[in-house]
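Participant: Dropping a structure here in structure tokens format, bear with me for questions.
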Amino acid sequence: MTALAQRLAQRTLELVDIPSESLNEAKVRSHLLALVPPVFEAEYAADDAFVFARPRRAGVPLVVLVGHYDTVPAQDNVPGRIADGAVHGCGASDMKGGVAVALEIVRELALGEPGRVDVALLLFGKEELPAHFSPLPDLFERSQLMAGAGLAILLEPTDLTLQAGCLGNMNARITFSGVSGHSARPWTAENAIEKALLGLAPIAALERREALVGGLPFYEVASITQIEGGIASNVIPDRTVATLNFRYAPDRSPESAAAYLRSLAPVGAELEITGDSPPATVVTDTPLVRALRDAGDLTFEPKQAWTNVADFTMRGIDAINFGPGGTRYAHRRDELVEIDALVTAYETLLRFLVA
């Protein structure tokens, strides 16, 4: 193993070994902040989001390396380990490997003169929680540096591809109402569960819709993810509630997505939109993104999920996903990140930033 590979693997394992489930990130946060080199000063600092950068140079584009340090709950995979050419453990892929790469790049850049772009590091928590927990809206409101960013690179797991844009993520509840009654005389009642089964069947049968945006194929899907109903084993229920999750393509607006969901609601059922994270603009053809692509001979793919690139593009800041983690390993009990991928991501980003 090369010295660089050893350094990146050890840094990733060091972060994996610090439990950091969302809302319990204090220890990993303190550890990371202590590792940021002093030449990168804190431009914004709050409980759960931090921006570090050197003084800006006039006329030089700003590139922001972005990583979240929280994870989903551990699944008996902390502490981690290094084995078979990979770092194993909770968050290795999503996204402590990416955070380790970003941190080591900043530490390397601190040893020399600034390169062809200015570089900032954004670290934040609470990413694995619903959108209302996010510290990013306040950051965008108060950070003067972020408003001038030319490109944000989120080191989410992308299998070393450039994943552009992202799907929107909308949730809704459909309520089916009936009349309760004795299960020995069901003809005297109206069974809300039976209404739900009939009403949800057409939604369950929906095919995915392909939408080409920026030349990339995004797949739009509506899924029934939860259902609640029933009073007792001998009672016909008068209420059943189903949850729909709609991952909508970047060619839709939030208003269009909500209207489509409402069109799916069966007659007599009530549909309520309960949450929405809009999709991101697909950014593939700008000078900075092209330079990043060329630095590693990378390929473009659509981001078939929601990520924080949307937080940036909705504010007019170009953003793209690029990280060493494997999407197939994220959130798994056997989560891992390959050490070769850590090295490739590091070398690609460093070439892009200093060449």
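Each reported figure results from applying straightforward, stated rules to the coordinates on display, with no laboratory input. If you're wondering where the values come from, they're calculated on a predicted model, not measured in any experiment. Cβ atoms come from the backbone with ideal geometry, glycine included; neighbour counts cover every protein chain shown.
Participant: Under a GNM of the chain (C-alpha, springs under 10 Å), which listed residue has the highest mean-square fluctuation: LEU15, LEU139, LEU103?
Facilitator: Taking springs between Cα atoms under 10 Å, the residue moving most is LEU139.
Participant: Further question: Just tell me which lysines come within less than 22 Å, Cα to Cα, of LYS27; anything on the same chain fewer than 8 places away is out.
Facilitator: Straight-distance partners of LYS27: LYS96, LYS126.
Participant: What is the magnitude of the charge dipole of the chain about its Cα centre, with +1 placed on the Cβ of each Lys and Arg, -1 on the Cβ of each Asp and Glu, and no other charges, expressed in debye to the nearest 20?
Facilitator: Numbers: 30 positive and 45 negative charges, 40 e Å.
Here the size comes out at about 200 debye.
Participant: Still on this structure: Excluding ASN171 itself, calculate the net charge of residues whose Cβ lies under 13 Å from the Cβ of ASN171, where each Lys or Arg counts +1 and each Asp or Glu counts -1.
Facilitator: On the way: positive: ARG173, ARG247; negative: GLU272, ASP276.
Net charge around ASN171: 0.
Participant: Determine the dipole magnitude for segment 168-277: charges of +1 sit on the beta-carbon of Lys and Arg, -1 on that of Asp and Glu, nothing else is charged, the reference point is the Cα centre, and the result goes in debye to the nearest 20. List each step's numbers first, then the result.
Facilitator: Details: 9 positive and 12 negative charges, 29 e Å.
Computed about the Cα centre, the dipole is about 140 debye.
Participant: Same structure again: For each of SER93, SER143, count neighbouring Cβ atoms within 10 Å of the residue's Cβ, then give the residues from fewest to most. Intermediate results must be reported in sequence, preceding the final value.
Facilitator: On the way: SER93 31, SER143 20.
Ranked by crowding around the Cβ, least crowded first: SER143, SER93.
Participant: Sticking with this structure for a sec: Taking the beta-carbon count within 10 Å as an exposure proxy, list HIS331, HIS88 from fewest neighbours to most.
Facilitator: Numbers: HIS331 16, HIS88 20.
Ordered from fewest to most neighbouring Cβ atoms within 10 Å, HIS331, HIS88 come out as HIS331, HIS88.
Participant: What whole number of Å gives the distance from the Cα centroid of segment 1-72 to the Cα centroid of segment 90-106?
Facilitator: 8
Participant: Would segment 96-147 count as rounded, prolate or oblate if I go by the C-alpha gyration tensor, calling it rounded below 1.5 in a/c and otherwise prolate when a/b exceeds b/c, oblate otherwise?
Facilitator: Here segment 96-147 falls in the oblate category.
Participant: Can you give the % of DSSP beta bridges in the chain that are antiparallel, to the nearest 5? If you can, show how the numbers build up before the last one.
Facilitator: Numbers: 50 of 68 bridges.
Counting only bridges with both partners in the chain, antiparallel ones make up about 75 percent.
Participant: Order these by the 10 Å Cβ neighbour count, fewest first: TYR219, TYR329. Each step should come with its number before you reach the end.
Facilitator: Details: TYR219 14, TYR329 20.
The most exposed by this proxy come first: TYR219, TYR329.
Participant: State, to one decimal in nm, how far the label point of SER223 lies from the label point of LEU206, with both points 7 Å from Cα in the Cβ direction.
Facilitator: Here the answer is 1.3 nm between the modelled labels.
Participant: Given contacts defined as C-alpha pairs under 8 Å and at least six residues apart, what's the relative contact order of segment 168-277, whole-number percent?
Facilitator: Working: 227 pairs, mean separation 47.4, N = 110.
Worked out over segment 168-277, it gives 43 percent.
Participant: Then there's this: Return the distance in nm (one decimal) between the two label points of a simple spin-label model at THR188 and ASP285, each offset 7 Å from Cα along Cα→Cβ.
Facilitator: Placing both labels 7 Å along Cα→Cβ, they lie 6.9 nm apart.
Participant: Relative contact order, percent, of the chain when contacts are C-alpha pairs under 8 Å separated by at least 6 residues? Kindly include the intermediate steps, with their values, before the conclusion.
Facilitator: On the way: 811 pairs, mean separation 88.4, N = 355.
So the answer I get is 25 percent.
Participant: Could you check which residue among ILE236, ILE320, ILE153 shows the biggest mean-square fluctuation in a GNM of the chain with a 10 Å Cα cutoff?
Facilitator: Taking springs between Cα atoms under 10 Å, the residue moving most is ILE236.
Participant: Which distance in Å, rounded to a whole number, links the C-alpha centroids of segment 313-355 and segment 171-211?
Facilitator: Here the two parts' Cα centres lie 42 Å apart.
Participant: Taking the chain as a Gaussian network, where each spring joins two C-alpha atoms under 10 Å apart, which residue of ASP276, ASP311, ASP334 fluctuates the most?
Facilitator: ASP334
Participant: Go ahead and estimate [θ] at 222 nm for the chain from helices alone: -39,500 (n - 2.57) per DSSP H run with n ≥ 4, summed, over the residue count, rounded to 500. Write out the running numbers ahead of the final one.
Facilitator: Values: 10 runs with 103 residues, N = 355.
Theoretical 222 nm ellipticity from helices: -8500 deg cm²/dmol.
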